[in-house]
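Remarks on the structure that follows.
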Amino acid sequence: MFDLQAFLQAESRRSLGEAIRQTFGSSLGTRSFLLVGGAPARSGRISPIVVAADFPQSVMAQLHANPLCENIPLMNEWLKHERPICQQLDKMRARALSPAVNQMRRQGCHSLAGHGCFDLRGSSAIFLLLVDLPDSQMSNAAPLLQLALPLIQASLGTMRYRSRMKYYEEKSALSAREAEVLKYARHGMTNKEISSTMGLSFSTIKNHMAKIARKLGVKNRAASVAAASSNNLLASNFGESTIAPR
């Protein structure tokens, strides 16, 4: 039984890599794997997302030096057909294989399996390459890859969303100094009075108020004060500030 939910439960690339290793290692007996992503259909450029520790280093060196999809074994073949590809390299003539696959064969790889998945816009894709499947498991690789890739794509999308949300939350959080300025403004002090109280220049206070308005998504000082009051920002742990109203 394949535990495909492990892909959706992954919270980082590291845990996603561990889920890939466990799922395909225990189910198919694969020796190693490489997950890459990028925009191969438009520019041909691709980059590693998760790589097994024992993945052939020469392939990785080639990819880092020239990040084109043609440097990933089986990826060009997948882009032509967009279906899982499984190859037993020992049973094929070298001239029938692509240069990248031939390189893997020369390094002792006996079989490869790969599949990809485009995002909803069709502009970016991920591609998973499995290395050295046992002959007895070759027929099982395609259906498992077809099931797994959309879940892996969804997992990566969730990670990107969380990362963006964290970035925007950090960008919009008030600093302790900004929270203090807003606290005084909330209690009716003018910028000049705040300047005198805090020992800062008038222009510095004005700059702080402008930044506060920008972070709170409002247009002016009055709206900033109203937002602070209605959302109780200064009475809770907002950004770095825990300053309560006087």
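The values are calculated or read from the model by the stated rules, or taken from the named source; none is laboratory data. As the structure is a prediction and not an experimental result, all values here were calculated from the model. Cβ: placed from backbone, ideal geometry, glycine included. Neighbour counts: every protein chain shown. Accessible surface is based on the protein model in full, side chains and every heavy atom, while ligands, DNA and RNA are left aside. Shrake-Rupley method; radii C 1.70, N 1.55, O 1.52, S 1.80 Å.
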- request: Quantify, in whole percent, the carbon and sulfur part of the accessible surface of segment 27-74 (1.4 Å probe; protein heavy atoms only).
  value: 52
Percent of beta bridges antiparallel (DSSP, the chain, rounded to nearest 5): 100
- prompt: Name the trypsin sites (Lys or Arg not before Pro) in segment 1-42 that are in a loop by DSSP and that have at most 15 other C-beta atoms within 10 Å, would you?
  reply: ARG42
message: Please check: in the Gaussian network model of the chain (C-alpha springs, under 10 Å), which one of ALA223, ALA113, ALA19 has the largest mean-square fluctuation.
response: ALA223
- request: Hey, can you grab everything whose amide H is under 5 Å from the amide H of SER111? Only 5+ residues off in sequence or another chain; H modelled, so Pro and N-termini drop out.
  value: LEU89, ASP132, LEU133
message: Quick check: Cα centre of segment 88-119 to Cα centre of segment 8-64, how many Å?
response: 16
query: Under a 1.4 angstrom probe, counting protein chains only, how are LYS183, LYS192 ranked by accessible area, largest first?
result: LYS192, LYS183
query: Within the chain, what's the longest stretch lacking GluC sites (Glu not before Pro) that sit in DSSP loops with no more than 16 other Cβ atoms inside 10 Å?
result: 83-239
message: Taking a cut-off of 25 Å, what percent of all Cα-Cα pairs in the chain are separated by more than that?
response: 55
query: Under a 1.4 Å probe, what is the accessible area of the chain per residue, stated in Å²?
result: 54
